[in-house]
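Below is one structure, written out as structure tokens; the observations come after it.
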């Protein structure tokens, strides 16, 4: 993956912290995400969806873009403008109260957000791990 391919999407309007595209470039180049069009990926703490855009375009997987601070409508509008609204579903929800079925995600990504919600003892084991498919 090359971060430069996404430079037109990177702006103060779409970023909420460090450049998630550069972080994803390093992550995906070192640990390629082995998912395809039939897989579901959870982008937890997606902010304004820039990371979800990259995940969808780089993998072809269906992405659930979850953030507590950005409304579904705001991200849906952005995803429509980016022509990824058929691959990325925005959800405004607290990571501590996710309403997904167990074992549906092939992969989960959380770029620069896990520290906001993952600090409680047992959070990963109780609230996140059950959502991952075996081998995910």
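Tabulated data
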{"quantity": "The chain shape via C-alpha gyration tensor axes, a/c threshold 1.5", "calculated": "rounded"}
{"quantity": "Cα-based helix-to-principal-axis angle, 50-59 vs the chain, degrees rounded to 10", "calculated": "90 degrees"}
{"quantity": "Residues 31, 116 arranged by fewest to most Cβ contacts within 10 Å", "calculated": "31, 116"}
{"quantity": "For segment 10-53, diffusion coefficient by Stokes-Einstein and Kirkwood Rh (Cα), 37 °C, 0.692 mPa s, µm²/s", "calculated": "284 µm²/s"}
{"quantity": "Rounded, prolate or oblate (a/c below 1.5 giving rounded, otherwise prolate when a/b exceeds b/c) for segment 55-101 by Cα gyration tensor", "calculated": "oblate"}
{"quantity": "Helix 20-30 axis, angle to the chain major axis (alpha carbon atoms, nearest 10°)", "calculated": "70 degrees"}
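Here, each number is a calculation from the coordinates, and none is a lab measurement. None of these values were measured; they are calculated from a predicted model. FYI the Cβ positions are ideal-geometry reconstructions off the backbone, even for glycines, and counts take in every protein chain you see.
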